[in-house]
Structure formats: structure tokens, C-alpha cells
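Participant: Here it is: the structure, laid out below.
The values are calculated or read from the model by the stated rules, or taken from the named source; none is laboratory data. This one's a predicted model, so the numbers in the text were calculated from it and none came from an experiment. Glycine gets a Cβ as well: all are built from the backbone with ideal geometry, and neighbour counts include every protein chain shown. Side chains are part of the model used for accessible areas, which takes the heavy atoms of the whole protein and leaves out ligands, DNA and RNA. Shrake-Rupley method; radii C 1.70, N 1.55, O 1.52, S 1.80 Å.
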Amino acid sequence: MFKTHTCGELRLPHIGEAVKLAGWVHRIRDHGGVTFIDLRDRFGIVQIVSRPNIILGAGVMGTFGQNSLTVSDIRTEWVLQIEGIVQRRPKGMENFNLPTGEIEVEAKQINVLNPAKTPPFSINKEEDIDEQTRLRYRYLDLRHERMRSNLELRHRMVKFIRDYLDKKGFLEIETPILFKTTPEGARDYLVPSRVHPGEFYALPQSPQQLKQLLMVAGIERYFQIARCFRDEDQRGDRQPEFTQLDLEMSFVEREDILQLIEDLFTKLVAEIVPHKKLLYSPFPRLKYQEALDRFGKDNPDLRFGMELKDITDLARNCGFKVFESIVESGGHVRGINAEGMGNYSRTQIDELTEFVKPFGAKGLAYLAITPEGEERSSFSKYISSERLEVIKQRLDGKPGDLLLFVADRPSVVYESLGRLRVHLADRLGLRDPNTLAFCWVLDFPFVQWNEAVSYTHLRAHE
């Protein structure tokens with residue numbers, strides 16, 4: 001065996017044992033004759049102590065000209081095999097940030113399994129690395145602790161899902177990857193057939209028809225960790241290839257499904273990521289229109305407030321022509337309260353205006369209230385002080401707040417303010433990654449009106 005133990009499992013009870021370890025050099029420190037090597041494998045890091053009399057062996061590499069090399073020649077990311085004795089670290093020299101921090105291994109033999117060139121970026125610390133460089137050296141990027149933890153987290157989540165659904169009577173069944181094209185929300189990836197020239201298979205966006213076939217066949221409860229393929233542009237919440245949990249249940253009502261999934265997620269968080277706080281249990285239930293009205297999105301982030309407020313009724317005949325014309329044409333005027341941003345400069349507000357323009361908004365009206373109570377606004381001079389005070393009350397405006405408004409078609413108002421809300425929350429540090437806030441969004445519309453096609457255009461083609 002190349003190793004008798006992993007680098008992450010040695011503890012005080014192992015003191016005095018002869019061990020073999022193998023892994024990568026994470027760090028190396030020369031302390032005037034005594035060299036400390038942090039050896040890393042998938043399971044952790046352990047400190048190796050090497051004395052000056054250690055000569056490097058070639059391990060399974062055979063002789064490759066390094067027989068004269070010493071420990072001082074070792075560099076990070078070399079692959080070593082260590083034979084040594086586990087001993088307690090000297091008092092006061094423990095590292096309680098490491099699970100193995102109370103012990104170290106006194107090296108008796110060091111074998112070089114593979115030397116390494118200097119990596120293009122550091123492995124032993126997180127740096128801001130260009131994504132193209134990370135992908136070019138993917139095999140090195142995957143050595144980072146963060147990437148390894150992500151792979152482990154995914155494994156543990158999928159295993160938990162499988163075990164949970166198995167106990168609930170579900171069968172895991174694979175469905176074909178090569179299938180006929182079916183109408184879905186995005187374009188299919190096509191795979192040409194060798195045996196049928198001119199014919200193509202399609203990669204499934206989601207195995208919907210295959211799931212339904214299983215239900216009609218009487219399987220009743222089935223799930224799949226399904227690979228899905230969609231030939232569409234990259235977005236923050238979409239990618240061409242991804243994995244999702246698909247499950248089907250027969251002879252159930254909506255409440256049965258909601259309860260099952262809610263219980264699954266609640267228990268998964270408690271067992272797999274117990275350090276994360278689950279903000280709501282049971283999960284809040286929002287209707288689709290309520291989610292848009294309050295958050296501007298059908299996938300709202302409930303970890304912070306800053307909800308949208310409707311002032312369409314207050315904007316009617318208010319004196320500000322921009323608001324009035326939008327209301328007369330059937331549009332909405334809504335706003336959000338960015339608490340603590342009341343001292344934003346005009347330049348900073350202009351940056352926010354540019355942020356919302358790609359989402360259809362033509363501008364961003366604002367009312368800034370400094371911590372001292374002074375007000376700056378792009379529209380207040382057109383509106384009576386009484387009406388302005390009611391608008392401030394509608395948004396709970398107070399000293400130190402920045403009130404931001406969008407007036408346009410409902411879809412534009414929702415999209416621009418929904419995106420701006422999340423953008424501002426990131427600026428304010430309101431989206432804690434260790435807080436989870438699940439919710440149900442129910443009663444999605446079956447169809448939606450395409451605002452790009454006018455009623456007149458439709459009538460012309462009847």
C-alpha cells in the first residue's frame with residue numbers, strides 16, 4: 001500500500017504508530033535545518049517534520065537523476081510518499097485550526113512520486129484567478145479546498161436525496177439520453193445518427209415525456225437525478241448542461257407534493273449543512289402575482305426586505321407628467337426603499353439608473369433623504385408637499401433612506417426593480433450566504449401575453 005492512513009485522519013491516539021502517507025506538498029517551511037512540510041490529500045492536511053539527514057528516494061518513479069536531491073529541493077505540489085512516526089506536537093505549537101493540529105509525523109523516509117513545475121496560480125490559498133486560466137488548468141483548480149468541498153457537498157446532497165426518497169417508496173429509474181425532439185422552452189441539442197443518415201437524436205431538456213410514460217405504466221413513485229441539456233445562451237441562472245431532481249407521484253394532491261419536498265429540504269439542510277440557518281419553516285407560500293408585486297421576481301429572495309411598493313394611485317394626477325402619462329397608458333409606478341443610502345451622490349444614483357436600463361426602464365426617479373433630514377429629488381418640485389409626504393409614508397421613508405421609482409409597463413417595472421433590489425442588497429451586504437430562505441410560489445399563469453405583439457397587429461392578420 002502506498003498509504004496506511006489519509007492525511008486527515010491522524011489524531012492523538014495514533015501517537016507512536018509507524019505510518020505511510022501519500023499526497024501533495026501544500027506548503028513547505030525551512031526552519032534552519034528542520035523542514036516542515038504540510039502534506040495534503042483529499043481528506044485533509046498533516047504536518048511532516050524532516051531532519052537534514054533525509055535523502056529523497058525515487059519511489060516508484062525509478063531513478064530519474066534526483067538521488068542527490070535533498071529536502072530543500074522540494075517545492076509545492078510535488079507528490080510525495082512519507083514513511084514516519086506519529087508524534088505529539090510540542091506544547092504551544094499546536095494548530096487547532098486543523099483536525100490534525102495536535103500531532104505531526106517525524107519523517108524517516110521521503111519518496112518522490114512525482115516532481116511538479118511551478119503552478120500558474122497558488123493552490124494553498126484562494127486568489128482572484130481569471131476564469132479562462134482556471135479552466136485551462138482545471139486539474140489544478142480542482143485541487144483548491146473550495147472546489148473539493150463543492151464536489152463533496154454535491155455528493156452528500158445527492159446521497160441524502162436518494163436515501164430519503166428510497167425510504168418514501170420511490171424508485172430511481174434512468175431514462176434515455178438520446179431521444180426524439182419534443183417541444184420545450186429552449187432549443188434542443190441535436191446528435192446525428194450514423195445508422196440513419198440525415199436523422200438526428202435530441203438530448204432531453206428534461207425527461208418529461210419519459211416520466212409520464214412511467215407514471216402511466218403504474219410505477220407511482222419514481223425519481224431521477226437527471227441530466228438536462230438546453231441549447232441556450234449562458235445566464236446567471238442557466239447553463240447548457242445541468243443536473244436536476246426529477247420526481248413523479250401518482251394518486252396525490254398538490255399538498256402531498258408540497259409537504260414531501262418541504263420535508264426533504266428541511267432535513268437535508270439540517271443534516272448536510274447544519275451551519276446554515278433556515279429562515280422559514282414552514283416555507284412561506286406566495287401566489288405568482290404576489291411574488292411579482294412584492295419582489296418583482298417569481299423567484300424572490302426573502303432574506304431581506306426592500307419590497308416593492310405600488311404608488312400608481314398616488315401618481316395619478318400628481319403633477320409630474322412622466323408619472324401621469326405612464327398611469328394614463330395603463331402602466332405602473334412602483335418604488336423601493338434602499339435604507340441607509342440616503343447620502344448617495346447624483347453620480348452614484350446615475351450609476352443605478354444605468355443599471356436598470358438594460359431591463360427596459362427608461363429612467364430612475366429618486367427621492368434621497370439625508371441622515372439630517374434634507375431631501376434631494378428628481379421629481380418632488382412637481383408634486384405637492386402633501387402628496388409627497390404620502391408617497392414617503394407608503395415606502396416607510398425616513399432620514400438616511402433612498403427611495404427609487406420606476407414608471408413603465410408592469411413587466412418592465414417588475415424586471416428592473418426586481419433586479420435593482422437584489423443589486424442593492426449585495427451592495428448593502430444583506431444576502432448572507434449562510435442564511436437560507438425557501439418559499440413556494442404557486443399559481444403560475446398557464447400563458448402570458450406577449451407585449452411585443454400589439455393587438456392591432458393581431459387584428460390585421462385575422
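Participant: In segment 187-213, what count of residues is obtained for those that are modelled with pLDDT of 90 or more, among the polar types (S, T, N, Q) and surrounded by 13 or more Cβ atoms within 10 Å (Cβ to Cβ)?
Facilitator: The number of residues fulfilling the criteria is 0.
Participant: Identify all residues within segment 184-203 that are in contact (Cβ under 8 Å) with a residue 12 or more places away in the chain and outside any loop (DSSP other than H, G, I, E, B); write none if there are none.
Facilitator: Passing the criteria: Arg187, Tyr189, Leu190, Val191, Phe200, Tyr201, Ala202, Leu203.
Participant: Now, a different point. Is it true that some residue in segment 52-73 is under 17 Å from Thr4 (Cα atoms), out of contact with any Asp or Glu (no Cβ under 9 Å at 6 or more places or on another chain) and at pLDDT 95 or above? Break it down into steps so the answer makes sense when it comes.
Facilitator: Our first condition is that a residue be under 17 Å from Thr4 (Cα atoms); within segment 52-73, this holds for 59-60.
Among the residues that remain, those that are also out of contact with any Asp or Glu (no Cβ under 9 Å at 6 or more places or on another chain) are: 59-60.
Of the ones still in play, those that are also at pLDDT 95 or above are none.
No, segment 52-73 contains no residue that is under 17 Å from Thr4 (Cα atoms), out of contact with any Asp or Glu (no Cβ under 9 Å at 6 or more places or on another chain) and at pLDDT 95 or above.
Participant: Identify, by number, the condition in (1) open to solvent by less than 80 Å² (accessible area, probe 1.4 Å); (2) touching a residue at least 40 places away in the same chain (Cβ under 8 Å); (3) in contact with a Lys or Arg (Cβ under 9 Å, 6 or more places away or on another chain) that Pro284 doesn't meet.
Facilitator: Just one mismatch for Pro284, condition (3).
Participant: Hey, among the residues in segment 271-289 that are hydroxyl-bearing (Ser, Thr, Tyr) and out of contact with any Cys (no Cβ under 8 Å at 6 or more places or on another chain), which one's nearest to Ile261 (Cα to Cα)?
Facilitator: The residue in question is Ser281.
Participant: I've got another one for you. Filter segment 310-321 for residues that are in contact with a strand residue (DSSP E or B) (Cβ under 7 Å, 6 or more places away or on another chain) and surrounded by fewer than 19 Cβ atoms within 10 Å (Cβ to Cβ); which is farthest from Glu290 (Cα to Cα)?
Facilitator: Thr312
Participant: Now for a separate question. Provide a single number: the residues in segment 214-244 that are open to solvent by 80 Å² or more (accessible area, probe 1.4 Å) and closer than 17 Å to Pro176 by Cβ. Give the derivation first.
Facilitator: Here is the first cut: in segment 214-244, the ones open to solvent by 80 Å² or more (accessible area, probe 1.4 Å) are 216, 220, 227, 233-239, 241.
Next cut, closer than 17 Å to Pro176 by Cβ only: 216, 227, 241.
Qualifying residue count, segment 214-244: 3.
Participant: Another question about this same structure. Would you mention how many residues in segment 3-44 are charged (D, E, K, R) and open to solvent by less than 30 Å² (accessible area, probe 1.4 Å)? Let's see the steps before the verdict.
Facilitator: Going through segment 3-44, the residues charged (D, E, K, R) turn out to be 3, 9, 11, 17, 20, 27, 29-30, 38, 40-42.
Still in the list and also open to solvent by less than 30 Å² (accessible area, probe 1.4 Å): 38, 40-41.
Qualifying residue count for the region: 3.
Participant: Which of the residues spanning segment 134-191 are hydrophobic (A, V, I, L, M, F, W, C) and more than 17 Å from Phe223 (Cα to Cα)?
Facilitator: Once the filter is applied, which keeps residues that are hydrophobic (A, V, I, L, M, F, W, C) and more than 17 Å from Phe223 (Cα to Cα), segment 134-191 yields Leu135, Leu140, Leu142, Met147, Leu151, Leu153, Leu178, Phe179, Ala186, Leu190, Val191.
Participant: Could I ask something else about it? Name the residues in segment 364-387 that are without any contact (Cβ under 8 Å) to a residue 60 or more places away in the chain, open to solvent by 30 Å² or more (accessible area, probe 1.4 Å) and either part of a loop (DSSP other than H, G, I, E, B) or of a type in the set (A, V, I, L, M, F, W, C) (or both), would you?
Facilitator: Within segment 364-387, Pro371, Glu372, Gly373, Glu374, Ser378 meet the criteria.
Participant: Looking at segment 143-162, which of the residues that are without any contact (Cβ under 8 Å) to a residue 60 or more places away in the chain and open to solvent by 70 Å² or more (accessible area, probe 1.4 Å) is farthest from Ile45 (Cα to Cα)?
Facilitator: This residue is Lys159.
Participant: Next question. (1) exposed (fewer than 12 other Cβ atoms within 10 Å of the Cβ); (2) touching a Lys or Arg at 6+ places or on another chain (Cβ under 9 Å): which one isn't true of Glu184, the others all being true?
Facilitator: Tallying (1) exposed (fewer than 12 other Cβ atoms within 10 Å of the Cβ); (2) touching a Lys or Arg at 6+ places or on another chain (Cβ under 9 Å), Glu184 fails exactly one: (1).
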